[in-house]
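J.: The following block contains the structure, expressed as structure tokens.
The values are calculated or read from the model by the stated rules, or taken from the named source; none is laboratory data. This is a predicted model, so every value here is computed, not measured. Because the Cβ atoms are built from the backbone with ideal geometry, glycine has one as well, and the counts that use them run over all protein chains shown. Keep in mind that these areas ignore ligands, DNA and RNA; they rest on the heavy atoms of the full protein, side chains included. Shrake-Rupley method; radii C 1.70, N 1.55, O 1.52, S 1.80 Å.
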Amino acid sequence: MRILMMDVRYAWRSLLKRPLLTLTVATTLAFGLGANAAIFNVVDRLVLRPFPLADPDRTVLMAETGPRLDYGNKEAVSPANFVDWRTSTDTVSHLSALQWWDANLVERGNPERLQGCQVSWGFFDALGVRPAVGRSFVRDDETYGRHHVAIVSDALWKRRFGGDPALVGRSITIDGDPYQIIGIAPPRFAFPDGSEVWAPLAFDPKQAPRRDVRYLTVIGRVQPGKTVDEVQTQMSVIADRLAREYPDANRDHGVRVFTLTRGMMDQGVGPILSMWQASALVVLLIACANIANLMLARTAERRRETAVRLALGASRGRVIRELLTESSLLALVAVPPALAFAWVALHLMRISMPARILRFVPGFEQLGPDPRLLAFTIVLALFTGLIFGVLPALQAARSRVSEALKDGGRTTGRQLLRRAIVVAEMSIALPLLVAAGLGVLGTNRFLNGPQGYDPDGLLTMKLVLPERTYADDGARRRFVERAMESLASVPGVGEAATVNNLPAAGSNSSRTIEVDGHPPADPKDPPSVDNRVVTPDYFSVMRIPVQHGRAFTDGDRDGSAPVAIVSESMARKYWPGEDPVGHRLRTPKGPWVTIVGICGDVIQDWFDKRNVPTLYRPFAQSPSDYFGIVVRTAGDPTSVAPSVRQALLRVDPTQPVFEMMSMRVQLKERTIGLQYLAAIMTVFAGLALLLAVVGLYAVMAYMVTQRRHEIGVRIALGASPRDVARLAVGQAARLTAVGAVIGFALSLALGKLMQAGLLGIATNDGRVSVVFGAVLVVSALVASYIPARRAAAIDPLVALRAE
């Protein structure tokens with residue numbers, strides 16, 4: 001320890017003697033460490049610890065698997081199977097089912113739509129959570145007829161009820177029914193995905209739970225002494241038994257058990273965070289390369305000092321240890337500015353996330369410095385110090401004492417290592433630039449490119465009609481008819497229409513179909529299409545072209561011949577080479593419908609719903625209780641928003657309208673993940689380009705300093721300043737060209753990986769590599785011009801005399 005403290009004091013004095021070098025290294029390293037610290041915090045909060053729960057990995061999520069169930073779909077358990085699971089398993093306690101609940105709160109004349117969840121009685125126990133006030137659900141609350149009790153979130157309690165402790169025991173009106181409040185959830189608890197109210201999931205005893213419909217999410221608490229693998233084994237046995245007992249519904253179906261954190265992770269998070277983490281590591285690697293170059297230059301300057309120490313008896317191991325101590329201390333100096341850089345980055349990420357979306361991203365609101373981030377940054381700094389310090393330390397220890405003393409400190413050795421480092425910087429900076437370019441182009445394409453409709457001038461909103469008030473199709477039709485009439489009277493509103501799922505809204509509805517005359521290859525696996533239910537003016541409001549046949553009319557009503565419109569992609573897939581107009585199809589338990597038109601394809605979602613086969617039905621023939629309203633205006637859509645809201649409240653003052661925004665804002669919010677990807681990749685690419693160019697500048701400046709004598713001789717023998725400048729720039733150009741060629745090959749490979757990993761969001765394009773290769777070369781040549789001018793201005797008399 002005494003020797004270590006001596007090394008630390010020696011290293012600290014050495015750093016203080018060269019404040020400019022210390023500041024340069026600390027600043028350079030702070031960018032790399034800060035970038036990695038910020039991404040670590042994002043990964044830690046969004047992937048490792050997204051939920052503020054005690055021991056979340058003891059909570060498991062179970063999902064059914066089967067031929068028609070996507071691996072990423074976790075809302076895939078049938079009610080009947082859940083009931084059997086709960087009575088059969090002994091490796092999991094508090095097995096609980098979850099069902100999304102769009103709850104309309106009517107309180108004090110101000111209707112509000114709430115994100116809610118209907119859950120089984122063991123829900124809070126499965127998560128290891130107790131209400132802050134009141135009680136949790138008990139088994140009796142699941143009894144149908146006694147299930148009108150609720151627990152509200154801490155945020156809702158404070159926002160709508162002023163934090164009144166007397167709320168527990170009161171009744172409030174939700175979806176037209178009175179619900180007694182029995183508890184208030186603890187602060188920050190909003191599972192799943194921003195829920196603000198929870199009610200018991202009760203099955204009507206008059207209708208047996210279905211086994212062929214899968215829509216529940218199931219969680220449970222692993223029993224003490226059991227493991228997740230043991231839970232998986234038992235659930236697989238139970239699934240096999242149910243498949244034998246109920247082959248029609250459960251044939252080829254199994255069960256997959258996840259930890260809660262893994263099971264609730266969004267499928268798009270992994271690729272995006274992987275790109276960010278890889279980019280941050282590239283920035284750190286370039287920073288390390290730059291610092292290694294600076295340290296190599298400093299080692300060369302201290303060559304005589306090191307030789308003297310070796311001649312006086314110091315061991316080479318001691319020299320290596322001292323230099324590594326110095327580099328580690330230098331890395332630790334960069335920790336405070338790195339944490340400041342990370343804090344600013346995380347703060348900007350947090351405040352730029354739309355408030356409406358923020359609550360649906362578990363852990364995002366908690367981004368920011370914490371003890372784990374501090375520990376990670378310190379450990380990474382020490383590891384980084386070893387990385388950029390090992391080469392200079394080894395080079396210093398390998399110095400030949402006699403040659404170093406004879407040269408009097410002059411460094412005349414070849415600079416192959418330093419040049420190789422510069423080439424490496426260039427070669428890894430270019431792929432990062434290309435990745436950022438592909439991300440920006442992909443984001444711009446989804447935000448501003450063709451959507452299949454015209455998003456400008458559109459105001460969108462959503463409604464959910466409660467079953468108690470609108471129990472039948474006739475009531476839903478009458479509400480929509482009155483709503484369309486009321487909206488038509490609003491000044492500034494041109495047209496209005498409804499659809500069960502708006503584009504870019506983050507929700508979807510699909511149906512299996514039977515095509516008349518085209519039986520499926522596998523009757524057990526019928527084709528599936530997106531299902532849209534629209535009012536007649538929907539295609540004109542959205543500017544979706546009806547390319548063949550006709551659009552819907554007011555004559556397509558209840559009681560008239562069932563009709564449908566199909567998208568181009570659906571027509572090509574199911575009637576290749578044919579005209580589908582006049583053909584028939586049907587959905588399960590539905591009537592045969594006749595196709596009357598073909599419309600253009602629409603991008604429903606940027607991630608996985610681009611130009612998907614889509615079936616459109618008239619709202620009057622297939623009403624929905626959940627739908628969006630879209631209004632076309634001549635000017636700014638938000639200017640008519642208050643009038644539109646009042647017009648809908650005149651139809652039903654208890655019906656809340658929610659998520660009202662322009663379509664452009666909706667597109668922006670829906671692509672927020674892409675925007676973050678592009679923005680952060682751009683920042684990292686800019687840092688990489690800056691560090692690579694600075695590294696080239698440092699190498700060229702050092703080479704000019706080391707070759708002053710040679711340059712003086714050249715000028716004395718007749719070389720012009722232009723010749724000297726051309727020589728220096730030519731050296732930089734050769735290094736840059738080699739790095740650009742290697743980087744071009746790497747960028748093409750990276751583009752293919754991005755295209756595959758991000759499901760085509762980033763499209764590989766060699767032209768992007770060429771453009772950014774040119775940017776890198778030009779930037780490098782500009783950086784090398786300053787040392788070249790300095791070389792051209794050398795006075796040969798001064799250079800030779802100094803030699």
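J.: Could you tell me which of THR59, PRO19, THR91 has its Cα farthest along the dipole of the range 1-107 towards the positive end, charges placed at Cβ (Lys, Arg +1; Asp, Glu -1), taken about the Cα centre?
T.: Highest projection toward the positive end goes to PRO19.
J.: Now for a different question. So in the chain, what percent of DSSP beta bridges are antiparallel if you round to the nearest 5?
T.: Antiparallel bridges make up about 80 percent of those DSSP assigns within the chain.
J.: Expressed as a whole percent, how much of the Cα-Cα distance distribution for the chain exceeds 50 Å?
T.: Of all Cα-Cα distances in the chain, 33 percent exceed 50 Å.
J.: What length, rounded to one decimal in nm, is gained on full extension from ILE351 through to ASP554, with 0.36 nm per residue of separation minus their alpha-carbon distance?
T.: 68.4 nm
J.: Still on this structure: Over all distinct alpha-carbon pairs, what is the Kirkwood Rh of the range 102-169 in angstrom?
T.: Radius from the Kirkwood sum: 13.4 Å.
J.: So how tilted is helix 335-352 from the main axis of the chain? Cα-based, degrees 0 to 90, rounded to 10.
T.: Result, in degrees: 30.
J.: Give the dimensionless ratio obtained when the Cα radius of gyration of the range 636-704 is divided by 2.2 N^0.38 Å.
T.: 2.26
J.: Still on this structure, I have one more. Quick one: work out Rg over Rh on the C-alpha atoms of the range 524-577, Rh as Kirkwood radius.
T.: Ratio value, two decimals: 0.99.
J.: Hey, another quick one. Step through the table entries LYS74/LYS524; LYS462/LYS668; LYS158/LYS226, compare each Cα-Cα distance with 29 Å, and write down the pairs that go over it.
T.: LYS158/LYS226, as the Cα separations exceed 29 Å there.
J.: Which residue, VAL390, ALA280, TYR616, has the largest displacement toward the positive end of the dipole of the chain when charges sit on each Cβ (Lys, Arg +1; Asp, Glu -1)?
T.: It is VAL390.
J.: Additional query: Over all alpha-carbon pairs of the range 100-230, lay out the pair-distance distribution in 5 Å bins, whole %, shortest bin first.
T.: Reading the bins upward from 0: 2, 9, 19, 23, 19, 13, 7, 4, 2, 0, 0.
J.: Using θ = phi - 60° and the Karplus curve 6.51 cos²θ - 1.76 cosθ + 1.60, what whole-Hz ³J(HN,Hα) does each residue of the range 356-366 get, with Gly and Pro shown as x?
T.: 5, 8, 3, 6, 9, 10, x, x, 5, 5, 8
J.: Between helix 641-651 and the chain, what is the angle of the helix's C-alpha long axis to the longest principal axis, kept within 0 to 90° and rounded to the nearest 10?
T.: With both axes taken from Cα atoms, the answer is about 20 degrees.
J.: Could you pull out every residue, at least 5 positions away or on a different chain, whose amide H is within less than 5 Å of the one on THR259? Hs are placed 1.01 Å off N in the peptide plane, and Pro or chain starts have none.
T.: LEU61
J.: Hey, what's the Kirkwood Rh for the range 178-282 if you take every pair of different alpha carbons, in angstrom?
T.: Answer for the range 178-282: a Kirkwood hydrodynamic radius of 18.1 Å.
J.: Choose one of LEU201, VAL255, ALA239: the residue whose Cα lies farthest towards the positive end of the charge dipole of the range 120-267 (beta-carbon charges +1 Lys, Arg; -1 Asp, Glu; about the Cα centre).
T.: LEU201
J.: Next question. From the C-alpha coordinates alone, can you work out the Kirkwood hydrodynamic radius of the range 658-751, in Å?
T.: Value: 17.6 Å, from the Cα pair sum.
J.: Further, regarding this structure: Beyond 19 Å, what percent of the Cα pairs of the range 418-534 remain?
T.: Of all Cα-Cα distances in the range 418-534, 72 percent exceed 19 Å.
J.: Quick query: amide H of PHE658 versus all other amide H atoms, modeled in the peptide plane; which residues come in under 5 Å with a sequence gap of 5 or more or a different chain?
T.: Distant-sequence amide H within range of PHE658: LYS462.
J.: Determine how large the accessible area of LYS462 is when every protein chain is in place; take a 1.4 Å probe and give Å² rounded to the nearest 10.
T.: Estimated to the nearest 10 Å², LYS462 gives 10 Å².
J.: Continuing with the same structure: In sequence order, what are the phi-derived ³J(HN,Hα) couplings for the range 623-635 according to the Karplus relation 6.51 cos²θ - 1.76 cosθ + 1.60 with θ = phi - 60°, rounded to whole Hz, with x for glycine and proline?
T.: In residue order, the calculated couplings are x, 10, 8, 10, 7, x, 10, 10, 10, 9, 10, 7, x Hz.
J.: Same structure, new question: Hey, could you get me the Stokes-Einstein D for the range 513-614, Kirkwood radius over alpha-carbon pairs, 20 °C and 1.002 mPa s, rounded to whole µm² s⁻¹?
T.: Roughly 149 µm²/s, to the nearest whole number.
J.: Can I ask one more? Name the GluC sites (Glu not before Pro) in the range 139-231 that are in a loop by DSSP and that have at most 12 other C-beta atoms within 10 Å, would you?
T.: none
J.: Using alpha carbons only, how many degrees (0 to 90, rounded to 10) separate the axis of helix 371-397 from the longest principal axis of the chain?
T.: So the helix axis and the longest Cα principal axis differ by about 30 degrees.
J.: Which of the peptides 470-478, 580-588 is most tightly packed, and how do the rest follow, going by the mean number of other Cβ atoms within 10 Å of each residue?
T.: The packing order, highest mean first, is 580-588, 470-478.
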